[in-house]
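Shown next, in structure tokens, is the structure this report addresses.
The values are calculated or read from the model by the stated rules, or taken from the named source; none is laboratory data. The structure displayed is predicted, hence computed values, not measured ones. Surface areas here come from the heavy atoms of the whole protein model, side chains and all, with no ligands, DNA or RNA. Shrake-Rupley method; radii C 1.70, N 1.55, O 1.52, S 1.80 Å.
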Amino acid sequence: MSAAVASCDWVSVRGLLLDRACAPYARAGRYAYHFARGKLRVDPVFRAILERGLLTGRARILDLGCGQGLLAAWLRAAAYCYERGIWPATWPPAPGPQSVRGMELMARTVARARRALGPDCEVLQADIRTARLGSADAVVILDVLHYLTAASQREVLQRVRAALPPGGLLLLRVGDADAGLRFRFTQWVDRLMWLVRGHRAPALHCRSIGQWRELLGEFGFDSRAEPMSHGTPFANVLLIALAH
């Protein structure tokens, strides 16, 4: 381990990570850049993925409902920092995937992702309910499945399991319908963001964490739940699920 890594901590690396991850979005316009900077700065899931090594060692990553490709940009920035020894000494190595593929329904969002990330990252405009998923070592679905009906949630999870080998990983972030006021606030903000973007707020189909874990078990996953709304008023939980 280099001296630079040994002396580094999260506070030291955070600024460089943010700058490297967000810089490509300047090519995609002011909205894309500022959205990336705000989201990556405050959403705890991005730090957790690196700090806990959740995607370390996963060669083929598939991001379903990828938005403008923030996960891919974040992983690129992490690899850049790690290769230069700018990395917290207590953290696992940064992920170094061979490929990161994304799927996103909204055409304008896909266009922003492609302008920012370039041809080295594949971002498809596709409906995850029907698109061919191919194969992957890890699938990431952050804050997406509650927009699908209960039947579609089951279909997507079944297809995700088919795309993964035994030992493959699913990272699924959801809201906990048993979280009371925090959950209701999460739903309100969700609907508000759709309206701000000029879209009609969709119907939401939510479950408790126990119900989500039971559903994952039906489709061949062993899962554990980690709170994933630190520093925010939301009721988000990350389900870390391994295919068996």
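The amide H of VAL123, built 1.01 Å from its N in the peptide plane, has GLY102 as neighbours under 5 Å, considering only residues 5 or more places off or on other chains. Only alpha carbons enter this Debye calculation for region 78-194, each as an equal point scatterer, and the log10 of I(q)/I(0) it gives at q = 0.13, 0.18, 0.22 Å⁻¹ is -0.72, -1.18, -1.30. Coupling constants for region 97-114 follow from the phi torsions by the Karplus curve (6.51 cos²θ - 1.76 cosθ + 1.60, θ = phi - 60°), and in residue order they are x, 6, 8, 10, 10, x, 10, 8, 7, 7, 4, 5, 5, 4, 4, 5, 4, 5 Hz; glycine and proline get x.
By accessible area, using a 1.4 Å probe on protein heavy atoms only, the chain has 54% of its surface on carbon and sulfur.
Only helical DSSP H runs with n ≥ 4 go in: add -39500 (n - 2.57) per run for the chain, normalise by residue count and round the 222 nm mean residue ellipticity to 500 deg cm²/dmol. After summing the helix terms and dividing by the residues of the chain, the value is -13000 deg cm²/dmol.
Binning all Cα-Cα separations of the chain at 5 Å, short to long from zero, yields these whole-percent fractions: 1, 6, 13, 18, 20, 19, 13, 7, 2, 1, 0. Taking 0.36 nm per residue of separation and subtracting the current Cα-Cα distance, fully stretching the chain between ARG37 and GLU226 would add 65.6 nm. Each residue of region 219-224 is assigned a 3J(HN,Hα), and the resulting list reads 9, x, 10, 9, 10, 9 Hz, derived from the Karplus form 6.51 cos²θ - 1.76 cosθ + 1.60 (θ = phi - 60°), x at Gly and Pro. Summarising the amide proton neighbourhood of ARG207: residues at separation of 5 or more, or on other chains, whose placed amide H is nearer than 5 Å comprise ALA177.
A cut-off of 5 Å between modelled amide H atoms, ignoring neighbours fewer than 5 places along the same chain, links VAL139 with LEU62, LEU169, LEU170, LEU171. Rg then Dmax, both in Å and based on the Cα atoms of region 76-120: 14.0, 40. In the full protein context, region 144-203 carries 53 Å² of accessible surface per residue, based on a 1.4 Å probe and ignoring ligands, DNA and RNA.
Cα extents for region 1-86 along the principal axes, largest to smallest and rounded to whole angstrom: 38, 26, 20.
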